Structure formats: structure tokens, C-alpha cells
1. Given the options 185, 195, 151, name the one that is within 16 Å of ligand 1 (Cβ to nearest atom) and under 23 Å from residue 82 (Cβ atoms).
2. Can you name the residue in segment 190-207 that is surrounded by 15 or more Cβ atoms within 10 Å (Cβ to Cβ) and over 27 Å from residue 163 (Cα atoms) and, of all such residues, is nearest to ligand 2 (Cβ to nearest atom)?
3. Please enumerate the residues belonging to segment 33-51 that are surrounded by 20 or more Cβ atoms within 10 Å (Cβ to Cβ) and in contact with a Phe, Trp or Tyr (Cβ under 9 Å, 6 or more places away or on another chain).
4. Kindly list the number of the only condition in (1) within 16 Å of ligand 1 (Cβ to nearest atom); (2) touching a helix residue (DSSP H, G or I) at 6+ places or on another chain (Cβ under 9 Å) that fails for residue 120.
5. Considering each of 163, 113 in turn, give the residue that is among the hydroxyl-bearing types (Ser, Thr, Tyr) and either within 13 Å of ligand 1 (Cβ to nearest atom) or within 18 Å of the chain's Cα centre (by Cα) (or both).
6. When only residues in segment 63-78 that are outside any strand (DSSP E or B) and within 16 Å of ligand 1 (Cβ to nearest atom) count, which is surrounded by the fewest Cβ atoms within 10 Å (Cβ to Cβ)?
7. In segment 16-32, is there at least one residue being surrounded by fewer than 16 Cβ atoms within 10 Å (Cβ to Cβ), in a loop (DSSP other than H, G, I, E, B) and modelled with pLDDT under 95?
8. So if I check each of 131, 125, which one is modelled with pLDDT of 95 or more and either touching a strand residue (DSSP E or B) at 6+ places or on another chain (Cβ under 7 Å) or among the aliphatic types (A, V, I, L, M) (or both)?
Amino acid sequence: MAVKISPSVLTADFLTLKEDIARLEHAGTDMLHLDVMDGIFVPNISFGVPVIKSIKKHSTLPLDVHLMIDRPHRYIKEFAAVADILGFHYEAGSPVAETLKEIRALGCKSCLTIKPCTEPQEIFDLLPLCDMVLVMSVEPGFGGQSFMPSALGKLEALKKEITSRGLDIDLEVDGGINTETAPLAVAAGANVLVAGSFVFSDKMEENVSFIKSL
Ligand code: DX5
Ligand code: ZN
């Protein structure tokens, strides 16, 4: 399975985002990762539906929306209307199976996300309801943090389970991805790499190509 890149716009300059998205499309980006934070589930606030709607108007890339909000089931309808892949946290206080089913019923791909404190075995039973699983390799909330090596064993365990059950699920990793950590994540089984500060840098095209070459 070819490696896909999902650049996170969290650290982008929102006033030049339109041009940056065009550059990312040209560089072969597979999708865009949009981090939604509410200041409750994580200690930071980012953006919501109106900003995603504007991005959608200016890009044909699939939108990979990462909800870091408390009890996300309250907002699934609104986000499903603008997302292609809609992910939420296992730890966020929603009925997990019902929320995954609702996301699919609304026509989006479902993504279940786990924080560094969650063991992958806890979500094994839920895998048939997931189109993608996202393993956080940093504490969610901020860009520019260091990759936690403990994510590698989680990716390996999930990859093994997905393969042995013959499931068709993308395995995404998010946080601290760079030239050193990306190859490790791919070797551990990740096939979708989120990258924020690594891509929104002065080497945007070069760094997208680096990940696409893995
Ligand atoms: C963190 C976000 C990430 C973040 C990644 O909570 O989920 O998507 O933007 O940023 P980097 O790649 O800089 O770690
Ligand atoms: Zn994210």
C-alpha cells in the first residue's frame, strides 16, 4: 500500500492558506488534515465548520477532519457535511460504536482516534466499524511536539490485527512526523502520515515528496 500524506494546516498561515493548498495539491498531497479543538477535550482552540467550508470551496483534496472535542457525537451531522473522512477520539465521551455508524450513515469514512494513554487492544472490537484508525504520536492539542516512540508498538499491534482479520482499514499516525520518524512509522505499519510543521516549512514540496517516497 503506497504511503499517503495528510498535511495538517494547524500551523499554517491562514491568510496564505489558499496558495499553500494549491502548492500542496501540485506537490501530490493525498488529502488535508484539519484539526478541530474545543479548549475542553484538549487545552487549545482552533477552528470549526465555517473554516472547513471555506477550505472545501478552494480544494478538491479529500478533507480528513480530526475532531479533538468533548462528546463529539453532538456535532457529527455538521462536520459530516464538510468532511470526507471524519475522526473523533475514543476517549472523548461519546458512544463510540454508534458514533462510528452515524459517520458512515452520513456518507463519510469513519476514523477512530486514540490518545497516547490508550492501548490499541481496547479498540479491537470496534475495527469493523472503522475505515481508518488514527494513532496519536503526541498528546493532542499542539503542533510541533516530539514523536512518542510508544506509538510504534501501537501501530504494529493494530496493523497485525487488521491484517489477520482481513480488514480494509487505513492506519494513520499524527504528531512529530519528520525525516527521522516517518520511516519508523511506515515500518511499523502506518500508511497515512499526518505532518504539520514538517510540511508547513520552507521545504514544503521537498518534504511532501520525501513522505511520498517512503
Ligand atoms: C495535534 C494535531 C496534529 C498536529 C501535528 O494535536 O492533531 O495534527 O497539527 O503537528 P506536527 O506535525 O507539527 O506534530
Ligand atoms: Zn491531527
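The values are calculated or read from the model by the stated rules, or taken from the named source; none is laboratory data. Being a predicted model, the structure only gives us computed values, none of them experimental. Quick reminder, even Gly has a Cβ in these numbers, built from the backbone with ideal geometry, and neighbours come from all protein chains shown.
1. Details: 185 fails: under 23 Å from residue 82 (Cβ atoms); 151 fails: under 23 Å from residue 82 (Cβ atoms).
So the residue among 185, 195, 151 that is within 16 Å of ligand 1 (Cβ to nearest atom) and under 23 Å from residue 82 (Cβ atoms) is 195.
2. From segment 190-207, those surrounded by 15 or more Cβ atoms within 10 Å (Cβ to Cβ) are 190-200, 204, 207; that's our starting set.
Next, only the ones that are over 27 Å from residue 163 (Cα atoms) stay: 196-200, 204, 207.
Working: 196: 8, 197: 12, 198: 13, 199: 13, 200: 13, 204: 18, 207: 17 Å.
Checked segment 190-207; the qualifying residue nearest to ligand 2 (Cβ to nearest atom) is 196.
3. Correct list: 34, 35, 36, 37, 42.
4. With respect to (1) within 16 Å of ligand 1 (Cβ to nearest atom); (2) touching a helix residue (DSSP H, G or I) at 6+ places or on another chain (Cβ under 9 Å), residue 120 is out only on (1).
5. Numbers: 163 fails: either within 13 Å of ligand 1 (Cβ to nearest atom) or within 18 Å of the chain's Cα centre (by Cα) (or both).
Going through 163, 113 in turn, just one is among the hydroxyl-bearing types (Ser, Thr, Tyr) and either within 13 Å of ligand 1 (Cβ to nearest atom) or within 18 Å of the chain's Cα centre (by Cα) (or both): 113.
6. Narrowing segment 63-78 to residues outside any strand (DSSP E or B): 69-78.
In the following step, the residues that additionally are within 16 Å of ligand 1 (Cβ to nearest atom) were identified as 69-70, 72.
On the way: 69: 23, 70: 16, 72: 22.
Here the residue is 70.
7. Within segment 16-32, the first condition is being surrounded by fewer than 16 Cβ atoms within 10 Å (Cβ to Cβ), and the residues that meet it are 16, 18-19, 22-23, 25-26, 28.
Add one more test, that the residue is in a loop (DSSP other than H, G, I, E, B), and what stays is 16, 28.
When the remaining residues are screened for being modelled with pLDDT under 95, the result is 16.
Yes, segment 16-32 contains a residue that is surrounded by fewer than 16 Cβ atoms within 10 Å (Cβ to Cβ), in a loop (DSSP other than H, G, I, E, B) and modelled with pLDDT under 95.
8. Details: 125 fails: either touching a strand residue (DSSP E or B) at 6+ places or on another chain (Cβ under 7 Å) or among the aliphatic types (A, V, I, L, M) (or both).
Criteria check complete, one pass: 131.
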